[in-house]
Amino acid sequence: MVKNYFKTAWRNLIKNKGYSAINIGGLTIGIAVAILIGLWVWDEISYNHSFENYHHIAQVTRLYTQPLTQETNNTAYLPQPMANVLRNKYGHLFKHVVKTQSERDFDLKIGNITVTKKGEFIENGVIDMFSLKMLKGSKESMNDLHSIIISESTAKALFGNENPINQQIKLNNYYDTKVTGVYEDPAQNSFLGDIQFFANYDNLIANNPDIRAHENDWGHTSHFIYIQTADHVSLDQADVPIRKLYFKDAPPDFIEGSKKLNQILWLYPMEKWYLYSEFKNGYPSGGRITYVWLFAVVGIFVLLLACINFMNLSTARSEKRSREVGVRKVMGSTRSSLIFQFLSESFLAVFLAFIVGLFLAFISIPVFNELTEKGIKLPMSNGYFWFLSALFLVITALLAGMYPAFYLSSFQPIKVLKGSFRLGKFASYPRKILVVMQFTVSVVLIIGTVVVYQQIKYAENRPVGYNKESLLWFKLFDPNFRDKKSAIKDALLSSRIVSDVGFSSSPITTIWDNYGDFTWRGKNPESESSFSVTWINEGFGKTVHWKILEGRDYSKDFGTDSSAVIINETAAKYIGFKNPVGEFIVDGGGTKRQIIGVVDDIVAESPYEPVRMGFYWLQKDLNHLGQMNVKVNPNISMNAVLPRIEAIFKKIAPAAPFQYKFADEEYALKFSAEQKISRLSTIFSVLAIFISCLGIFGLASFVAEQRTREIGIRKVLGASVANLWQLLSKDFAMLVIISCLIAIPVADYFMQKWLMGYQYRTELSWWIFAAAGIGALLITILTVSFQAIKAALAKPVTSLRSE
């Protein structure tokens, strides 16, 4: 019996090739999109799940409340001695406590081979804590001062097929290390995905006097601390005892300030690091989880659109199959057998669509990965994938075929066979409602895509406070650059291939240092704020083309500039001086710095957030400034400039690495997350519109076929092609207009809510909604017009002969 159902279903599919192609084609695209989105969502929500101790790992953070605003902020930067307190006084709660600085790029050199990899110096315990799978070495591989463990891919890059164990590696041509272990490359969807090595933290301390000087300094916050709770202790249980650590275990002179700021500790769980990276009042409030939910909903709706097409075309053709139903019932078929017959057609169509959709998803994955910068694969060997696929197949088939099956099987055989069966004037309403649903979803997606694009462009066009064009910077941390930076600068300027050279302590697109405890005349004693601090030389401002709003730039003509400060506009507004130039800022050590200038705000962090209050201090000794900013002569192409710059570097510092970055490219990276979302939104919106148009095309074809004789009569009576086109198109156009009226307020509500997450944001303009609505209407009219004009151009004789 079941075999007969599917034989009949196959014959019906072959008999109606056009409608079958539309049905299966729409379902194929919907299923392929749903598979890709499902894999993307799974990759996102499973981020960091590769760690065995996932639910026991957290980052220690501190929360503090501003006395004036009562706003609570969160930061992961902590004082070094806190790690020892957590180990010694709260050791019963933790299995591991490790201290590190943030990861960054290092040059790994062995012989004549140098590769740049991201890594970090970290305390022992990292192997066990982060479940590193050691291919060579063991959990004790980080015990030695000079230990370094490297990823499998890094070992391959440096040593090829040779055994890397006990090989010597020079980090940044400064730190001596010895390979004591090789670990399997971590999962790409983890926070260690791009970290390629770990070196012993004691090596950093031993070779860095500045860091060593702050080992017991509670006021210097520059380190991260990760913890793993004991097996029997949850993160919530460990969080409570350490909350007031600043009030109990800090030095007495530090406790007073902690109480003033209500400074407490909080364990930021690993499960929230990625998806909940945005904070409100100190605690996670959102982040990428918004996009995860968004695309999960989009995937469901795209599949739903495809299912709507199936339901619409099946019910639209019900009159064509009404005699079949009547004959089957007269021959003894029960309603249940008819339901199974129609459901088998649905299952067969969905199964074929699933097979093709799976293949389409498979061949699309490389492009999809390139768009999303992920390493997603179809988990063909995973039993759960096939179980979910089977479940997905059944649900989709039922969703697509349930309504047509019950609707068609309800026809009464006597009325059908007598020819008195009529669908009635309300029979088309369900189809119209489904079409409205389709285009409502499609228009919302179009509006959302445009708004995301507008927000990105709005932030990209934000004034950044400097000129990014032809600006690049070089890392000069390598010891081989010591005492040679001035010579490199002079050689570059003499060559005339660059117009200006300036030095800074951090890149123009980043803030590395923050300080507090500043005072000034008239400061509110309750005010406690952090200021970003960047050290620069006299040529920095001219090189980056910053804008002086008040006062002047640093100059070698003024010997007193060493005790001066230039502040940004945001800092000037916060401090509150009507005329800030000439006033004094006093740092925590009692050093007075006179304000000599106010510069326009430089956007060095998120382009969607307000600029932080910032100070620029003069540093005449170039050995303390690790970034060289270069403005290239605009009259010379960059391709011609770079080899000449490299030649100058190699001549003056031949053993030092040549590393540079373009300011405009680094700034553009700040938009990468939103740009990925924008690209995906655009693709899914186009596919949603395409699926909706497939359905409209099929329905228009059916309506034209159903009204063939009417069209013939109207042509004989003098109706023009334009009249007939209008007759067949107006109903579909009205449905799209209704969809727009529903979609516009829905899209407005959700996009306003999304934009509220950005402090620097665009406004929703009326033209976005108008363009989306008009665009959807035009696409619909073009889709319908093909069938409408084709029917209108048919010969009346042929039309009047049709049944």
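The values are calculated or read from the model by the stated rules, or taken from the named source; none is laboratory data. Given the structure is predicted, the values throughout are model-derived calculations rather than measurements. Quick reminder, even Gly has a Cβ in these numbers, built from the backbone with ideal geometry, and neighbours come from all protein chains shown. Surface areas here come from the heavy atoms of the whole protein model, side chains and all, with no ligands, DNA or RNA. Shrake-Rupley method; radii C 1.70, N 1.55, O 1.52, S 1.80 Å.
Odds and ends about this structure:
- Cross-link pairs exceeding 22 Å in C-alpha to C-alpha distance, out of Lys99/Lys260; Lys485/Lys620; Lys89/Lys248; Lys484/Lys661; Lys468/Lys753, comprise Lys99/Lys260; Lys468/Lys753.
- The C-alpha atoms of the chain define a longest principal axis, and helix 383-408 lies at about 30 degrees to it.
- Cα-based shape type of the stretch 508-623, given that a ≥ b ≥ c are square roots of the gyration tensor eigenvalues and the cut on a/c is 1.5: rounded
- Within the accessible area of the stretch 143-269, the carbon and sulfur atoms contribute 47%, probe 1.4 Å, all protein chains present.
- For the stretch 449-498: rounded, prolate or oblate by the Cα gyration tensor [a/c cutoff 1.5]: prolate
- Using the average count of surrounding beta-carbon atoms within 10 Å as a protection proxy, the listed peptides 383-396, 27-40 rank, highest first, as 27-40, 383-396.
- When Val721, Val784 are compared by accessible surface with a 1.4 Å probe, the order from highest to lowest is Val721, Val784.
- Looking at the stretch 522-621, the GluC sites (Glu not before Pro) that sit in a DSSP loop and have at most 11 other Cβ atoms within 10 Å of their own Cβ are Glu526.
- The stretch 441-566: C-alpha gyration tensor shape, a/c 1.5 cut-off, then a/b vs b/c: oblate
- Principal-axis tilt of helix 2-15 within the chain, Cα atoms, nearest 10 degrees: 90
- With the whole protein complex present, Thr519 retains an accessible surface near 60 Å², based on a 1.4 Å probe.
- Rounded to 10°, Cα long-axis angle of helix 766-792 versus longest principal axis of the chain: 30
- Accessible area in the full protein assembly, largest first, 1.4 Å probe, for Asp483, Asp144, Asp553: Asp483, Asp144, Asp553
- Note on the stretch 182-255: Cα convex hull, mean projected area over all directions, 7.8 nm².
- In the stretch 173-238, chymotrypsin sites (Phe, Trp or Tyr not before Pro) in a DSSP loop with at most 15 other beta-carbon atoms within 10 Å: Tyr174
- Counted charge near Ser637, where neighbours are those whose Cβ lies closer than 14 Å (Asp, Glu -1; Lys, Arg +1): 0
- Solvent exposure of Asp600, expressed as accessible area, is near 40 Å², computed with a probe of 1.4 Å over the protein chains only.
- Among the listed values [x] 105, 58, 55; [y] 93, 81, 46; [z] 82, 79, 51, the one matching Cα extents along the principal axes in Å as calculated from this structure is [x].
- The chain - percent relative contact order, Cα under 8 Å, separation 6 or more: 15
- Cross-link pairs beyond the 23 Å C-alpha cut-off, checked among Lys95/Lys374; Lys272/Lys374; Lys178/Lys651; Lys259/Lys578: Lys95/Lys374; Lys178/Lys651; Lys259/Lys578
- Measuring nothing but how far apart in sequence close Cα pairs (under 8 Å, 6+ apart) lie, relative to its length, the stretch 516-675 scores a relative contact order of 28 percent.
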